[in-house]
1. Relative contact order for the chain using alpha-carbon pairs under 8 Å, separation at least 6, rounded to a whole percent?
2. 7 Å from Cα along Cα→Cβ at both residue 399 and residue 357: what's the point-to-point distance in nm?
3. Does the stretch 173-311 come out rounded, prolate or oblate, given a ≥ b ≥ c as the square roots of the eigenvalues of its C-alpha gyration tensor, rounded meaning a/c under 1.5 and, failing that, prolate meaning a/b above b/c?
4. Could you give the spread of the C-alpha atoms of the stretch 20-114 along their three principal axes, from largest to smallest, in whole angstroms?
5. In deg cm²/dmol and to the nearest 500, what is the mean residue ellipticity at 222 nm of the chain if only DSSP H runs of at least 4 residues count, each as -39500 (n - 2.57), divided by the residue total?
6. So how far, in whole Å, is the C-alpha centre of the stretch 213-266 from the one of the stretch 27-69?
7. Among 41, 78, which comes first, then next, by fewest other beta-carbon atoms within 10 Å?
8. Excluding same-chain pairs closer than 8 in sequence, count the lysine pairs in the stretch 403-459 whose Cα atoms lie under 12 Å apart.
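Nothing in this text is a laboratory measurement; each read-out follows from the coordinates by a stated rule. Keep in mind the model is a prediction, meaning the values are calculated, not measured. Positions of Cβ are generated from backbone atoms using ideal geometry, with glycine treated the same way; all protein chains shown enter the neighbour counts.
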Amino acid sequence: MQLPVEFINKYKQLLGNEAAEFLASFDQPVEKGFRINPLKYQGQLHEHDTAHPIDYSQWGYYGKVNGKSIDHQSGLVYSQEPSAMLVGEIARPKPGQKVLDLCAAPGGKTTYLASFMDQEGLLVSNEINRGRAKILAENVERFGIQNAIVLNESPDRMESRFEKYFDVIVVDAPCSGEGMFRKDPNAINYWNIDYPAECANRQREILKSAMQMLAPNGTLVYSTCTFAPEEDEQIIAWLLDQYPTLSMGTVTKTDSMDDGRPDWADGNPELSKAVRLFPHHFRGEGHFMAKLINNAIDDVPAERPVKLSKKNKKKAKKVPTDSLSKAQLQLWQDFAANFLKNPDYFEEKHLIVQKDHLYYQTIPVDLSGLRYIKPGLELGTFKKNRFEPNQSLLMALKTTDFKQLAPIAEEDWSKYVHGDVLTTNLSYKGWVAVAVDNTVVGPGKLSQGTIKNFYPKGLRLNF
Ligand SMILES: C[S@@+](CC[C@H](N)C(=O)[O-])C[C@H]1O[C@@H](n2cnc3c(N)ncnc32)[C@H](O)[C@@H]1O
């Protein structure tokens, strides 16, 4: 790989004797990995091999995901580069906590955090770029996360709404991406000697917002996929300096993980508690991460109303946060009674309607004034006098949750995701959850031996 001369010289200086080995690692093949989704997994994958577990990740395996497989399409597996998996392990939120993934698309860390949360508490998953936020929302849906809200905001516009609100915040920062060079050689074209310092400016801005939203006793996890000290140790040194209530948390490291380098910042020995994953030591593309604990004293209420500046008021989309009409509630309850084994699982007080779409929020959050993609788990849509379930609802439940299940053979799955009508000898009528083995793959509507296909058009596949 042709690396920029200034990049080579910089790391020769920083790494000394080790530089040759580090630079040679850029010519080694990319390491691929995937995780099993504990929210869905019931002991069976269809075409992925779990022979090579990743020792520091409870759900991680080395290997490549087939994007056109049942496992991927139904959210049983998530493709993630092995070093990125450690970020989720370090953050390790507990069920019931309020968690923020501030730079979240396409969703690697979000899905990891959700794996720990077991559908309880609140996961706010934010991405500033609208196109990327939509991809994030698709991955949240596929993974079957019930407790996530997908926002499309700049971090500073979230501050006043979520002041001192989150127990865990992950900032997987936009960075100079030096750990991406092997995976995406185009990333080299963006690099120049000043780029890390430019990225560091943006990282400090994002972290200032994150600090406004971190609750007393909260945990902040900061990570990058770059080796540049300006964006790694020097950012953590700045944080510790600016926010005296922060202290470094300890991270359990395996032999192939390096300590942070105090000598690459201000010499603070605490920085060695950070983790460096170098591709010449570790089976992965490379990452930096640090865990910080907020030791501030709890003096401010956790939740505050939105306070928007005039400028932000203008930009903000008007969002109707409606409660259900009586007729809508009846339609939902009739649907749930026929379709779900526990029709009261999605409690009425957690339901909201927006433009005829019905959503479920585990913890009610007022999103007025904020841009979002999904204000909660989308249960479905009210259409005239009926209710139509959304793919998100199907993805977020297990086969055992449905009254009306339509199991199909593995060979019929490709017809289903292609959008074909299927035949069956089941005798139910109405909405069914189509499933392959123990995995729900999407909705259908059954009538007289045929399953009408309601797999979303945007997700359909050609083989
Ligand atoms: C390293 S990527 C995140 C990867 C993601 N956490 C994952 O695991 O899949 C960084 C993200 O930050 C977003 N970003 C860029 N500028 C930002 C800003 N000023 N504030 C917040 N996020 C930003 C980028 O669009 C990008 O999606």
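1. Reported relative contact order: 14 percent.
2. 3.0
3. oblate
4. Principal extents (Cα only, largest first): 47, 32, 24 Å.
5. Dividing the helical sum by the residues of the chain leaves -7500 deg cm²/dmol.
6. After rounding, the separation between the Cα centres reads 28 Å.
7. 41, 78
8. 4
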